[in-house]
Amino acid sequence: MSKQYPADIIIHDDDWGRIHLGHNLDRDMLRQELLEANVDTPHVGITVEEGHFRYLPRVKWCANYIMGGCDQEGDCHSHWYPVKPQPGSAMTVVTWDKQTPALVDQLT
């Protein structure tokens, strides 16, 4: 079974976002998709980062793929890790901009 996009992604243990297949994607579409997928209070701005990644659905020792590993090191889990550009590796990661106040703060 292949990975379905967009998909949830956890970044740096506490930051949630969505990962999309491809580069140069429409920012309005990315924000709307993040808004629809997010359960938290939405923020006004988004952070969009393009890179090249590979998804491993089952890995135990992720330090073999990424520098330093993660908190789940030693337990079976899934992982994204950076790769050199290759066919199918272009990804766009979208998160809420932590520098932009929450929409609720803007309205009060």
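The values are calculated or read from the model by the stated rules, or taken from the named source; none is laboratory data. What you see is a predicted model; the values in this text were computed from it and never measured. Here Cβ is always computed from backbone atoms with ideal geometry, including for glycine, and neighbour counts include all displayed protein chains. Please note that ligands, DNA and RNA were not included when accessible areas were found on the heavy atoms of the full protein model with its side chains. Shrake-Rupley method; radii C 1.70, N 1.55, O 1.52, S 1.80 Å.
Spin-label model, ASP28/ASN64: points 7 Å from Cα along the beta carbon direction are separated by 4.6 nm.
Accessible area per residue was computed with a 1.4 Å probe on protein heavy atoms; TRP61 scores about 130 Å².
Close amide H partners of VAL83, meaning residues 5 or more places away or on another chain with modelled amide H under 5 Å apart, are HIS52, PHE53, ARG54.
Working note: Karplus 6.51/-1.76/1.60 with θ = phi - 60° gives the stretch 16-28 the couplings 9, x, 10, 10, 10, 7, x, 10, 6, 8, 5, 5, 5 Hz, where Gly and Pro are set to x.
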